[in-house]
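For reference, the structure is listed below as C-alpha cells.
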Amino acid sequence: MARRLPAKDVAIIGFGLSSAILANELTDQGLEVVAIERGPWRDTATHFNVGYMPDELRYAVRLDLFLRPAQETLTFRNNVSETALPIRQFGSFLPGDGVGGAAVHWNGQTWRFNPTDFRLKSHLTERYGAAKIPDELSIQDWGTTYDEMERFYDQFEYLCGISGKAGNLNGTIQPGGNPFEGPRKRDYPLPPMQMTYAPTMFAEAARAVGCHPFPCPSANLSQPYINPLGVRMGQCSFCGFCERFGCANYSKASAQTTILPVLMRKANFEARTECEVLKVNLDGSGKRATGVSYVDSSGVEWEQPAELVLICAYGLHNVRMLLLSGIGRPYDPATREGTVGRNYAYQTTAGIQLFFDDKIFNPFIAAGALGQSADDFNGDSFDHADLDFVGGGGISCIPTNGRPISNRPVPPGTPRWGAKWKQATKDNYLRSFGFSTQGSSYAAHGNYLDLDPTYTDRLGRPLMRMTFDFPDNDIRMSNYVMDKMEAIAKAMKPRQYVMARRAKPYSIVPYQSTHNTGGAIMGGDPKTSVVNKYLQSWDVPNIFVIGASAFPQNAGYNPTGTVGALAFLAADAIRTKYLKSPGPLVPT
Amino acid sequence: MRRAARSLACSLARGLALGAGLAAALSTLPARAIDEQSFDQLERGRYLATTADCKGCHTRPGGKPFAGGVALATPFGTLVGSNITPDREAGIGAWSDEEFVAALHDGRGRAGTRLFPAMPYPAYTKMTRADALAIRAYLLTIEPVNEKVESNQLPIVLNWRFNLVFWNLLNFTSGRLEPDAAKSAEWNRGRYLVDALGHCGTCHTSKSWLGADKDSAYLQGGVLQGWLAPNITAANRRGVGRWSVEDIVEYLKTGSNAYAIAAGPMAEEIANGSSKMTDADVKAIAVYLKSTPAAADTAAALAPSDPQMVAGLAIYKDNCAPCHTDAGSGTPGLFSRLAGSHAIQSDDPTSLIRAVLSGRQGVATKDKPTGPAMPSFAWRLSDAQVAAVLTYVRNSFGNAAVAVTADQVGKLRARAD
C-alpha cells in the first residue's frame, strides 16, 4: 500500500533538461514543484570530475552514465510478422539516466527545424500534390508553426549559450550562416567555435561543389557566457569528450550548467532522485490525473498527489508511461486507429570516411558540435519534383573525438587485430576523418510503440515493444544525399574514401543515433495525435507530455534544440493559459 | 532604485513576521524590553546581527536559528557556539541588558564567568552600546529554543575559565572604537565594520601562541580551521592592493570578482553576511581596507628551470589548464584567476594545498548563483606533485611566492584523511 505524501502543485516525471526548464518556469510562477527522477543526483565537480571524466572505457564503452537494461529496456522487432525480443545491451541508441538526463551525455549540436518541417504534410501537398507522399508514410503537421516556435527556440539558445552564426535574420540572408534556415529574430548568443582543419577542408570542398556550408550551432561554448538566469558557463577546451560524457569544465550546456544552480536554491522546488515513477494516477473518470505513484531506492512505494503532472522523461519512456497509466488509446497498425505509440521515428544516418597520405588532422582536438554543416539537401531545401522520395538530410563534418579505444579508422581489408592492424592504425589515425548525413526519418504506418505481451521489467510492468524498419522512402533519400556527398569527398582528393550507405533492415546493434522520436505526438486532431499544440494531453488535460515523443516525424537534424523549445512552449502555455483557466487549451 | 524598493518590501514583510514572533515571545520577556521593540530598532538589530554573522557560529546548518551548536575547531580544542535564543533556561532570555552588553564588550558571561575568545569579544568590545542593544532587541524576537548547548569542549586544563582572567590581562583591552576625526565618515564606518561588527581580524589577523591578535600582523592573514584567511591589507602582492574599491565591493556582495571566487569559511561569511549588507556599508569596508598600510611586498619568482617548476608546468597542463587556462587567467566567476592572485601568493599555502586535495566549493549568491566547484585531486596527485604544481602556479603568470614542499602537503593530507 503506497504511502500518501502531501500534495504538490506540480509533479514532474524525470529530471532532465526539459524537466529543469519547466520546473524553473513554474516555480517562478510560485507553484510548489517536485521532480521525481529514477537515476542518481549528478553535479559537475563531483560526478564529471576533470581528473577521471576522460575515461573512455568507463563512460564510452561501459556506458557509465546511461540507463542499464536491468532498470528498463524494451523489446524490438522490425515488423509485425516477427516476435520482438528484449534488448539486453543498448546499442543503436543509448537512453540516459540520472539528473540532467540525455543533455548530460549529448554532443551539443543544437538545431532549429525548418519552417516546412512543422507543416510537413500540408507543405508537401501544396508544393507537389498529395500523390507525392508515399503510401507507406504517415507524416503529419505539428499543429504549431515555426513562427510560433521562434521565440521558444530563441529562449533555449540563450539559456544554453549556443555558439553559431545566423543565416537568416528577419528574412535577410546572412553571409556565413545557413541560408536555408527559418528567419530568426536575433543572432546566436555567442559566435561560432574556432574551426579545426578537417571541417575547414570539408567546407571548402562543399562550397566548390555548390553547397552552402556554415558552422554547426554548438552547445560547446566558444566563449565564457552568463545566461539570462545569471548562471555562468566556461569556454570549451576542445577535449573531445562530449558524447557519452558529462562536461568537466562547465562548457557544454546541460541542466547542471544552465539551470540547476538557480533552481536548486528555490524553496518551492524539490528533487527526489533514485525514485522511479510507476504510473500516473487517474481519478474514477479517467479524465483527470491525481498525481503519480513511485517507488524509492529501498523499495517503498509512495503516492505523490499533484494538480498538474508533467511527463518529462526520455521520449521513449514518456510513451511507456502513458501506456502503463492507461492514458489515451494505444495505436493499432492494423486499423491505423489509436494514438499512443503512433509515428515512432528515428534518424537515417550514413557517412563517408576519407583517408589521406599528406594531411594531418589531429582528431583529438575536437568537440561534440565543432564542425561544419550544409543544408542544401535537407528537408525540402531542394526540389523533389523529379525525385522518388520526400525528405532529406543535413551533411555535416563534425569530428567529435579522437578517443583511443573506439576511434581507429583503418581502410577496408585491414585485419581486425594484430601487427597489421596496429600498423594501419598508426598510418591512418592522424590522416583520416569522416563526414556524414543525418537524414530525416519519416513516420510510417508500420512503425510504432506498444506494450510487449510477454516481457516485463523488474517491477513486473510490461516492457515497451518497438516495431521499426527504415521506410523505403528514407533509404532512397539517404542514397540520394550520399551521392551528393560523394562529390564533396572527391573534391577533397583523398587517397581513398569509403561509403557507408544505410540499408534495410534496421539493426538494433551498432550505434547509430539516440534520436528516438514520436509515440506521443502533437497535432491538431485528437484522432491522430496524443497532445495538442501546447503538449497537453487530449485525454487528460492536467497532463502535459514534453520531449521528442511529441515529434510527428523526425527531421534531418538533432532533436535537442526542438525539444528545448517545446519545453519553453509548454511552460509558456501553462503559465499564460492553463493556470488562468485549467482545462483543455484547445477545444475538441 | 528598483533593488532598493524590493529590499524595502522584503524588510516590511520580515517586519510583519517578526511582529508575530514577538507576540509569541512576549510572555518570556522582561517588561522593560518592550519599549525597545520598535520596528526600526528590531530591523537595525537584525541587520547588525547579519553583518556580525552571529549565525555563522550560533546556528547549526539546518538547525533552528541562533539555537547554537556549530563546532569551532580552535588550536586549543573544540568550542561550540552557544544557544542565544530568548529561551530563559537554555538561551539568554533571562539575561539583563547589562549582562548581554558585558558579554559583547568584556567577554563576561552571566554572573561574571569568562567567555572563551572564540566569541570575538576582542572585536565586539569596539561595538557601540546602542548597536549591542539593538542586536539584543532583535535576538529577543527569535523563537526560543529549549536546547542546552555545552559550549566548552576543550581539554581539561585549557577549559578552566579561570585561565581566561590571565588571558584577558595579557591580551585584551576593553573599549569602544573612537572615530578618527581626521578621516571621512565613510572611512570611519568602514573601520567600525571591519574591526568591530564584522570582526574581520578574527580570521584575517594571525594569532600569537596564546591565540590573541598580533597587532603587528593586522589583517595580514591567518590560519584558522585549516584554511588560510589571506592578507586583506592594501599590500600589492599578498594583499588586495590591486583590487579597486569596486572589486572589493563586488567580491563581498556577490562572492567573486575578476580576481577571486570565495570558498570555505569566507563563502559562508559572504552568503550569510556581506552579500546581505547595504551597498554603502560594503563600500565603506572597501574604502577602509584600501587605506590599510601595505607592508613591503616584493619577491622574486623561482626560475622556470627549477625542477619543481618543470614538473609543475607539466602537471598544470594536464590537470589545471582546461579551466584555469595556460595563462592562469581563469574565467571570472567560474574558474579562479591564478595570475596576480593574492591568495595564490600567500606565504602560507594551507588553503591552496587544501583546495587541490579536497576540492573547493565556490559560494553561490543571489547575484551569482552558479556556485562553481573544483574537484579533488588527492587521489591522482602525490604529495610531491601537489607541491610542484602549486609551486608552479605561485611562481608563474607574474606570481612570486615561496615553494611548497611535499612535507607540507603530506601533513595536510594526513589531517584531511
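Taken together, the values in this text are just the output of simple stated rules run on the coordinates, not laboratory data. Predicted model only: the values in this text are computed from it and were never measured. FYI the Cβ positions are ideal-geometry reconstructions off the backbone, even for glycines, and counts take in every protein chain you see.
A compact table of results
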item: Estimated vicinal HN-Hα couplings, Hz - region A:493-508 in sequence order (Karplus 6.51, -1.76, 1.60; Gly, Pro = x); result: 6, x, 4, 7, 9, 10, 8, 10, 7, 8, 9, 7, x, 4, 10, 7
item: Convex hull of chain A built on C-alpha atoms - directionally averaged projected area, nm²; result: 25.5
item: Region B:307-416 pair-distance distribution - Cα-Cα, 5 Å bins, rounded %; result: 2, 13, 23, 27, 21, 9, 4, 1, 0
item: Neighbour cut-off at most 14 other Cβ (10 Å), DSSP loop, trypsin sites (Lys or Arg not before Pro), region A:160-212; result: A:K185, A:R186
item: Whole-Hz ³J(HN,Hα) from phi, Karplus 6.51 cos²θ - 1.76 cosθ + 1.60, for region B:95-108, glycine and proline x; result: 5, 7, 4, 4, 5, 5, 5, 5, 5, 6, 8, 10, x, 9
item: Computed log₁₀ I(q)/I(0) - Debye formula, equal Cα scatterers, no solvent, the protein assembly as shown, q 0.07, 0.09 Å⁻¹; result: -0.70, -1.06
item: Alpha-carbon centroid distance for the pair region A:156-170 / region B:327-367, whole angstrom; result: 32
item: Calculated P(r) of region A:129-194 - Cα pairs past 17 Å, %; result: 53
item: Greater than 26 Å apart at Cα, pairs in B:K290/B:K411; A:K359/A:K490; A:K252/B:K317; B:K207/B:K366; B:K64/B:K214; result: B:K290/B:K411; B:K207/B:K366; B:K64/B:K214
item: Inter-chain Cβ neighbour average for residues A:44-53, partner chain, 10 Å; result: 5
item: Exercise: per-residue mean of other protein chain Cβ atoms within 10 Å, B:316-329; result: 2
item: Region A:189-324 - Rg (one decimal) and Dmax (whole number), Cα, Å; result: 21.7, 65
item: Whole-Å distance, taken between Cα centres, linking region A:377-421 and region A:444-467; result: 31
item: Aspartates and glutamates whose Cα lies under 19 Å from that of A:K132, excluding same-chain neighbours fewer than 8 positions away; result: A:D117, A:D141, A:D380, A:D383, A:D386, A:D388, A:D472, A:D474
item: Among A:L282, A:V99, B:A321 - extreme Cα towards positive end, dipole of the protein assembly as shown, charges at beta-carbon; result: B:A321
item: Per-residue mean of C-beta atoms belonging to partner chains within 10 Å, peptide A:224-237; result: 5
